[in-house]
Amino acid sequence: MPTLFLLSGGSSLALLERITIFPPKLTVGVTDERFSENPKANNFAQLAETSFFQKAQESGAYFIDTRVQPGEDIQVFSKRFEDAIRAWKEEHPGGTVVITQGVGVDGHTFGIMPYPKDRQAFSELFEGKNWVVGYDAGSRNEHPLRATITIPFLQEVDFSVVYMAGKEKGQALSRMLAKEGTLWETPARIVREMKEVHVFTDIPT
């Protein structure tokens, strides 16, 4: 069965090193991207440096390359990103979508940042019709220009593996799992609305 495997960046890339089995018809990409030509900042560029990437390439996997191309602005870039994901879904309507998912101290997940004082802005950015949105996160993140998958796309995901490590994320984990709360304050709460999610953490609950 065709599989789309989208990976979050950062520390969760270390999880990939133990993967040694690659299914046929595998396509690999990232869940969100920093709009930067700097290979030390761009998530796909970092992924391309891992042994996982090399092994996937040797196995015949395909890739959705989200390295910034010359002349692209953030909107052109995010459209190319979304078009690639939609093209995969159209070509493989019965395919499986699997993602890895990180959560920040502030409760953000992927590039979906919290907007605790502006529910409307959050909704317009992340709950519209687009599967990928490019935007300026401003002071919310050290890499302000970014493109990220959105809430509507997450509802298309079949399996998500959430990785949270470090006691400093304890409050974010509690807010994510709480019975009550909002997405615009804690975007990671989207896990409660997704098809199947497995959370791995070293934080006592």
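Observations
- Considering Ala41, Ala14, the condition of being within 18 Å of the chain's Cα centre (by Cα) and assigned to a loop (DSSP other than H, G, I, E, B) is satisfied by Ala41 alone.
- Residue within the range 88-95 that is touching a helix residue (DSSP H, G or I) at 6+ places or on another chain (Cβ under 8 Å), closer than 26 Å to Phe126 by Cβ and either free of Cβ contacts under 8 Å to residues at least 40 places away in the same chain or of a type outside the set (A, V, I, L, M) (or both) present: yes
- Of all residues in the range 44-71 being among the hydrophobic types (A, V, I, L, M, F, W, C) and part of a helix (DSSP H, G or I), the one that is surrounded by the fewest Cβ atoms within 10 Å (Cβ to Cβ): Phe53
- Selection within the range 162-176 - in contact with a helix residue (DSSP H, G or I) (Cβ under 8 Å, 6 or more places away or on another chain) and either under 20 Å from Asn42 (Cβ atoms) or not aromatic (Phe, Trp, Tyr) (or both): Val162, Met164, Ala165, Ala172, Arg175, Met176
- Checking each residue in the range 18-40 for being of a type outside the set (Val, Ile, Thr), farther than 13 Å from Ala147 by Cβ and either touching a residue at least 60 places away in the same chain (Cβ under 8 Å) or surrounded by 16 or more Cβ atoms within 10 Å (Cβ to Cβ) (or both) picks out Phe22, Lys25, Leu26.
- Residue selection: Leu26 fails the criterion of being touching a His at 6+ places or on another chain (Cβ under 8 Å) and more than 18 Å from Tyr163 (Cβ to Cβ).
- Going through (1) among the aliphatic types (A, V, I, L, M); (2) without any contact (Cβ under 8 Å) to a residue 24 or more places away in the chain; (3) within 27 Å of Val68 (Cα to Cα) one by one, Ala178 falls short only on (3).
Rule-based calculations on the coordinates, nothing more; no lab input. Please read these numbers as outputs of a predicted model, since none were measured by experiment. When we count neighbours, we look across all protein chains shown, and the Cβ atoms used for this are built from the backbone with ideal geometry, even at glycine.
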